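The values are calculated or read from the model by the stated rules, or taken from the named source; none is laboratory data. These figures come from a predicted structure and were not determined experimentally. Heads up, the Cβs are rebuilt from the backbone with ideal geometry, glycines too, and the neighbour counts pull from every protein chain shown. Side chains included, ligands, DNA and RNA excluded: accessible areas come from the protein's heavy atoms. Shrake-Rupley method; radii C 1.70, N 1.55, O 1.52, S 1.80 Å.
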Amino acid sequence: MALAPVKATELFGDAVSPKDAAVRMDEYTDAFNKSVGQSISDPSAIMAIKSGTSTFASASGDPVSTLEALATNKSLSPDAVGALNNALASQRLAMQDIQKDITLTSPLSTSFAAFDLEAPSKLLTPRPTPLRNKIARKKGVGTSHRVKRINGYTGTGTGGIGNTWPGITESTTTAFGSINYERGPKISYAADDLVLPYNSYSLSDSVSFDANFSGMGYQDLRQLSSTSTLYATMLMEERMMLMARGTASGYSGALSAPTFALASPVASGSQTALAATTYYVNVTADAGISGSGFGESILGTEANTVVASGDVLTVTVSTAVSGALGYNIYVGTATGAANLKYQGTLRGTGTFTIQGAGAIVTGNNAALTTTGAAASRASADTSAYSTGYDGILPTVLGANSGFNNAVNSTFSTSNPGVEYQNVFSGLYDAVKADPDEIFLNGADRKQLSDAIKNGSTANYRINLSQNEVGDYVGGAVIGALNNEITGKMVPLTVHPWLPQGVSPVLSYTLPIPDTEVTDVWANFMVQDYMGIQWPVTQFAYEFSTYFRGNFFCTAPAWNGAVSGIVKA
């Protein structure tokens, strides 16, 4: 509240006359105005005030000091002194606040700065699903999908059925039941009846009430939860279509543990030797996604060997496990699965070399690490599931594959693409297949492109376009391979989730009329995708996806693979 003006007679009660009081009032006012207009110019006084060793009251020319001197004037009335002291107290508090700087940490450690928070959150989440987008989804009913297939008859060269000479004479007879008739020989058939169970699949998420309501104005967290769960379901189905294995009748079943042998040869000039000690080793068969601890056989039998100074360690898998994408190598210096650490994956059968820490390696080699996943993750089989089905890789690498070309090496540089031409030839010889697409891992496609560009004997020419200022377009990538058997151009596609080392060669239709096969690969869905917002039963919003069906290849013999591709 503002103070009332002080009268001259109140300030100078000892004045002998009103005139004397007015003169003294003018002198007071003049002195007061001069004191307020003065400033502290002495640097030492300013520093003393900031350091706390002095106050404004002790500084020359300080208005507070002048006012305090006036307050001690015995000539002031008690009311005037009280009003002046109140004003001085307020001024001192103001001075204390003024002398403190405002920074990012003062007077609040959290500052007064605005938050430049951009809404909503950014989804840096790749989610390509090329197989799911391409392959047919058909209606299924009941508890299983059943299909009867005629795999061959006389003359087709398929299904294990041989040929029969059709020539006859007047005396040629053929038994029909218990009676022989003068007729040509009967043809033979090969057929099977598959019953593949349907399974249910689901993923879920929840958003607490606190999180949901706290996020209002920034992001719709229920929408984020539902969308993320849906995309996660699609991504996992994509991997299932690519790599899943089922244990039910009609499916490939779990991968068996591989057998292996150890050796400790002397390190070559380009290799880094291991420390001399005993090394313990175990190996599993890779089902495709072992990097996250999901998708490999159970452990085999642990083995060990002594590595002398100057030596390296080699692990050799000589016998392939049907359907395996490779072999995961675990090594340690103490026995037991918990002490063996993942070193890398052997692509195809062959030898994997463990070198000393820090070694620069490529292909089926690794520098010893003690930070990889422990072998104990493979104490139970994760290569196949009771609710699984056979995806593309188990089909093209399994017993029913049309042709699996296990190269167990890098791509040829002398005849680039020969690995695929051998698959084309094998499939055509077996069932007259004419594949439609090749899938590769990105590293394998690059290696194949480099083989064409850099092969010393490859008969390819690359033209580089150049504009008027001299810029040119560099790089070359292989986009398709011409099937040298049928003349068909087969496109190459990088699959984002395909493991390095295996390349399926797929047929989507059959080059045969009247097969009753519209799609070689198809999903049969009793119930396709559902999104379920569950009733609220607790302080959370809960969401689940659900679908029920299976994935099936009607004609696996029309598909093949190049496997055992060693990374360059």
Practice problem: Would you mind pulling out the separation of the Cα centroids of region 163-178 and region 483-503, in Å? | Solution: 47
Quiz prompt | Peptide ranges 529-541, 19-31 listed from the most packed, as the mean C-beta count within 10 angstrom indicates | solution = 19-31, 529-541
Quiz item: Expressed as a rounded percentage, what relative contact order does region 280-319 have, with Cα pairs under 8 Å and six or more residues apart?
Solution: 36
Practice problem: For region 84-219, report the accessible area per residue in Å² (1.4 Å probe, heavy atoms, rounded to an integer). | Solution: 74
Self-check item: Sparsely packed GluC sites (Glu not before Pro) within region 473-568, loop by DSSP, other Cβ within 10 Å at most 16
Solution: 484, 516
Self-check item: Rg and Dmax [Cα atoms of region 381-444; Å; Rg one decimal, Dmax integer]
Solution: 14.2, 45
Exercise. Any chance you could run the full-extension gain for residue 399 through residue 425? It's 0.36 nm times the residue separation minus the Cα-Cα distance, nm to one decimal.
Key: 7.5 nm
Quiz item: Kirkwood hydrodynamic radius (Cα pairs, Å) of region 333-374?
Solution: 11.1
Quiz item: Based on the alpha-carbon gyration tensor of region 106-176, what equivalent-ellipsoid semi-axes (square roots of 5 times the eigenvalues) come out, in whole Å, largest first?
Solution: 76, 15, 9
Exercise. First compute the accessible area of region 254-379 with a 1.4 Å probe, then give the percent of it belonging to carbon and sulfur atoms.
Key: 53
Exercise. Calculate what fraction, in whole %, of the accessible area of region 486-568 sits on carbon and sulfur atoms when a 1.4 Å probe is rolled over the protein chains.
Key: 61
Exercise. Quickly rank 544-551, 110-117 as a protection proxy: mean count of other C-beta atoms within 10 Å, highest first.
Key: 544-551, 110-117
Quiz prompt | Accessible area (Å², per residue) of region 477-568, counting only protein heavy atoms and a probe of 1.4 Å | solution = 43
Practice problem: Compute the accessible area per residue over region 388-439, keeping the other protein chains in place, probe 1.4 Å, unit Å². | Solution: 32
Quiz prompt | Local electrostatic count at residue 512 - Lys and Arg +1, Asp and Glu -1, tallied over other residues with Cβ under 12 Å | solution = -2
Self-check item: Burial ranking of peptide ranges 362-370, 210-218 (average Cβ count within 10 Å, highest at the top)
Solution: 362-370, 210-218
Exercise. Lys and Arg at +1, Asp and Glu at -1: add these up for the other residues within a Cβ distance under 13 Å of residue 168 and post the number.
Key: 0
